[in-house]
Amino acid sequence: MFSQAPPGFQGGADYRATGPGAGAGTTKHMEKIEKESILCMKIGIDKVLDVGRGKGYSVNIKKTPAYVRLLAISQVYGVLISGSPDGIVMFNADKAARAISEDQGDADLVEFPSSVGVVAVDMKARGLVTHVGLSGDSSRLFVAVSGGKLLMYDLVGLYNNPGAQPLREVSFDAEITDVRPNPASESQAVAVLLKSGEIVMFNYHTEMRSHFPKTETFTSMCWSPKGKQIACGTASGLIMQFTEGGQEKKRYERPPSTESTDHSDHGVLSLEWVETFVFLAMYGKPPGTSQSAAYGDESEAQESWIYIIQASKTSPPTYLANTENPLVPFGLVERHPQFYTSVINGWGESASTILFLSPADNLDTFVFGIGNGDEEKAAGIANAWCSWDLGEVYRVAQPLSKREASEDEELVDTGPLGLVVDYTNTIQVPPLDPE
């Protein structure tokens, strides 16, 4: 266990939050433990699937914006959707995993075998694909492309006919920097974040649009797990909760500054609603400010700060500071900070909640969790959020590139463009101890 607090954290620092149930809060250090009971085992050692089918995304952020989100999975159909330089690629996730695990070739870059049933949809004429997402019932696929366009497809129809036309094509006045369909299966709402700092709620059935209040410049957003509310991060460091109809319910201010960290000009760069009253937030210089990278421009590496925010209806919120704060870019350092996350709930007694976080400008995937295993009991911190060290063998990290470097860029490090958890996979993981 690492119990030393990050430099500058004095403990008990107050900040102000407003709204029902909000009040003065505190910043606390999150413990880091060695979590030996959680193992992330690779399927196919040092092998990766060639989703781009011979083409890779450029590391130049003028060609691949830092805000892209290019993975989605249907837990209903077991279909994985990935952005590609030419459009999108869809395939059976379980069969793809088996293709990697069963590949006996010498090449590290595994091509799709015919048994996987890959469906490639060419969208070059429409623009660069920047986001993919699914409706809560997996019936609709949303694809954002450069130029501020959002395309909606029938997922099954497109899978069976890659030449199918979109059911809807919606244009916005600015580039789309995030797309979040409501996760509730009965909802028909899609939240769209624009580069201008606006959030537009779009109903894909009625085609009605509503704009959230323009009193703030929005920089991030996420739905609650059940889709009842949406949380929006702002350039001024606020986290604001809204109903689907745009009624504000609550807000939280940025974390308090410390002797070594000045959060006074930090915005919410990325946001995830983990569970009821629990958020994961990344703070840093908002894009386009004088001390940050503008979207699409190369810049110096930027630090960011990760916090797990715990709130309740009656108690003041608490900011749990990541042990790695500030998070220093490593690998693709010119990419503007944002993160991709996946949450696993109800894993078991040793890990009731597991949170995977992959920063866009970092090679490593960080793991946080709540557990009541032997590791937590030994440290005296059972049932509390901790940062987990999975060790060198069973940690999650981006591989080195398997492609040949082009003349104008060194393709050595790779970075994430999305992160999902596949619950449809049926591959049996062999026990570490056969006995």
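The values are calculated or read from the model by the stated rules, or taken from the named source; none is laboratory data. Source: prediction; values computed, not measured. Here the Cβ is made from the backbone with ideal geometry for all residues, glycine too, and neighbour counts use every protein chain on show. Heavy atoms of the whole protein, side chains included, go into the accessibility calculation; ligands, DNA and RNA do not. Shrake-Rupley method; radii C 1.70, N 1.55, O 1.52, S 1.80 Å.
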Restricting the range 204-229 to residues that are outside any loop (DSSP other than H, G, I, E, B) and open to solvent by 40 Å² or more (accessible area, probe 1.4 Å), the residue that is modelled with the highest pLDDT: Gln229
Test for Phe91: is it open to solvent by 10 Å² or more (accessible area, probe 1.4 Å), within 16 Å of Val48 (Cα to Cα) and in contact with a strand residue (DSSP E or B) (Cβ under 9 Å, 6 or more places away or on another chain): no
Residue match in the range 111-134 (condition: surrounded by 16 or more Cβ atoms within 10 Å (Cβ to Cβ) and at pLDDT below 80): yes
Candidate set: the range 335-346, residues that are surrounded by fewer than 18 Cβ atoms within 10 Å (Cβ to Cβ) and in contact (Cβ under 8 Å) with a residue 24 or more places away in the chain; chosen: the one nearest to the chain's Cα centre (by Cα): Ile344
First in the range 178-197 and farther than 16 Å from Leu271 by Cβ, second anywhere and of a type in the set (Asp, Glu), Cβ under 6 Å, 6 or more apart: Ser185/Asp137; Ala189/Glu244; Lys195/Glu175
Unique residue being part of a loop (DSSP other than H, G, I, E, B) and under 25 Å from Lys47 (Cα atoms) when the list is Gly105, Gly163, Gly147, Gly127: Gly105
